[in-house]
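Asks: Below is one structure. I have some questions about it.
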Amino acid sequence: MAAAAGPFVATAFLYAAACWRGEAALRHEVQQIEHRGEPLRFADLAPSSDDPALARGKSISALLDDVPVGEWSFIEATKDTLSAEQHAQLIETVDKNLRRCRAIAEMASEGKCRFSYDFATTVPGATLLPQVQKISDVAIVLFFAAERSLAASNYPEALGDIDRLFIIAELLRSEPFYVSQLVRVRLAGQGLDALQSLVGLADLEPEQAGRLDRTLASMEQAFRLRTTVLAERSAEMTTLENLGQPEMGDYLASVESISSMSPIIPFAKTKNRWWGSWVYRPRRWFAQAILLRTESHISEIIDEPGPAASAEVETTSRDFHSRNDIPAEDMLVNPESPRKKSLLHRQRLVSARLALAAVRYRKKHGALPKSLDELDSSRAGLLSGKPLLYEKTSEGFAIYDELPEQGRFEVKFSNQRNER
């Protein structure tokens, strides 16, 4: 009898030891996070109910509810590809919604904004972001309004809508999701596209150029992904803690219906029950500990510029994904792509500030500077770590980091002066 019980006793001992080790590893990471005062679970991201940013977000959401989402989806293409009928529809759409969109930007300019989400949910992955789509639609209207003003040589009005585009983009500054931050990049990029045209067409007054420079500097200094990584870590922690729950199985099954790319997805409900079982518990605890440790490290380096930081982010991500710690392995968002987009955005903001300085130099001296050194600029490219490139063209100039499309801001003067 004793001999027959031996394997069961050994198995129980090994299971208990695995539980002890897994729980200890997880407890260590949790204590480190709590010691740093960082959010651990999705619920920790919720703003206080009396936060003015949350109240402002509710007011803006009410205005956004009046924005007819998708009404102008046909103008996602560039205006050069629109038919005459579509162009007329574009003008009508902009005219009908411009006042409302400008009012939203005016309210957004009053301070920080936070939108309301169910941070108490046990299924963070099911969180919807309706305001983000609506903000994108507002930006489309403001962008084409600015383009129309530029075509009509109404530069003050174009500048006003460019300012509003930047304000709308920064509405998402406090949003804790990767998606929101990447939309923020795209909307600010629309503002920079319009600004490129404006700088080439109009002689900005010193006050206007100075205000734009301060805006761009503030946007660059504020764009960091560290808090987004910490929020992503919190969502992943809550997800792992709730594996095995029926609602998590329903969510994974809903993802299964639209995607077959993830190793998590096939047989989602069965896997959810297995991952939430007591048998899987030690491995789940280890997976949580490894995920917390990895995301914490990524949060420390994701905003660092230069190729060395790029290599470290890539190595950290690759090492994590090679562990085969399903489900944690597939729940970590690959940080390389968001990091690159973040640095490209920040670089373009820096390039735009240098372009404004070059235009001011041109106005004062009658010619563009021969090099960026004449602008007292010694900044290195955020991606390459090398000196920024300053390229004069037959129409104007461009500033970028190593590769022609890397953080590029290009000015084409309307008089097409060749100032080589």
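The values are calculated or read from the model by the stated rules, or taken from the named source; none is laboratory data. Values in this document were obtained by computation on a predicted structure and should not be read as measured data. Note that each Cβ is placed from the backbone with ideal geometry, even for glycine, and that neighbours are counted across all protein chains shown. Accessible surface is based on the protein model in full, side chains and every heavy atom, while ligands, DNA and RNA are left aside. Shrake-Rupley method; radii C 1.70, N 1.55, O 1.52, S 1.80 Å.
Asks: Considering the range 334-368 alone, what residues qualify as being touching a residue at least 12 places away in the same chain (Cβ under 8 Å) and in a loop (DSSP other than H, G, I, E, B)?
Replies: Matches in the range 334-368: ASN334, PRO335, ALA367, LEU368.
Asks: Can you spot a residue in the range 234-248 that is at pLDDT below 95, of a type in the set (Gly, Ala, Ser), assigned to a loop (DSSP other than H, G, I, E, B) and open to solvent by less than 40 Å² (accessible area, probe 1.4 Å)?
Replies: Yes: one or more hits.
Asks: Say whether the condition of being under 30 Å from GLY249 (Cβ atoms) and either in contact with a Gly (Cβ under 6 Å, 6 or more places away or on another chain) or open to solvent by 60 Å² or more (accessible area, probe 1.4 Å) (or both) is met by at least one residue in the range 105-116.
Replies: Yes: one or more hits.
Asks: Now, a different point. So in the range 87-104, with the set limited to residues that are at pLDDT below 90, surrounded by 15 or more Cβ atoms within 10 Å (Cβ to Cβ) and of a type outside the set (A, V, I, L, M, F, W, C), which one is farthest from ALA46 (Cα to Cα)?
Replies: GLN89
Asks: Among what's in the range 45-76 and is of a type outside the set (Ser, Thr, Tyr) and open to solvent by 90 Å² or more (accessible area, probe 1.4 Å), pick the residue that is modelled with the lowest pLDDT.
Replies: Across the range 45-76, the extreme among qualifying residues is GLU76.
Asks: Right, another one. Tell me which residues, restricted to the range 202-216, are open to solvent by 70 Å² or more (accessible area, probe 1.4 Å) and of a type outside the set (Lys, Arg).
Replies: ASP203, GLU205, PRO206, GLU207
Asks: Within the range 349-383, how many residues turn out to be loosely packed, with under 13 Cβ neighbours inside 10 Å and more than 30 Å from the chain's Cα centre (by Cα)?
Replies: Final tally of qualifying residues: 9.
Asks: Would you mention how many residues in the range 117-143 are among the acidic types (Asp, Glu) and open to solvent by 40 Å² or more (accessible area, probe 1.4 Å)?
Replies: 1
Asks: Can you pull out the residues in the range 212-223 that are more than 13 Å from ARG348 (Cα to Cα) and in contact with a helix residue (DSSP H, G or I) (Cβ under 8 Å, 6 or more places away or on another chain)?
Replies: Result: LEU212, THR215, ALA222.
Asks: Pick out the one residue from ILE290, ILE264 that is modelled with pLDDT under 85 and within 29 Å of ARG226 (Cβ to Cβ).
Replies: ILE264
Asks: Same structure, new question: When you look at ARG186, is it among the basic types (Lys, Arg), open to solvent by 10 Å² or more (accessible area, probe 1.4 Å) and under 23 Å from TYR400 (Cα atoms), yes or no?
Replies: So ARG186 fits the description; yes.
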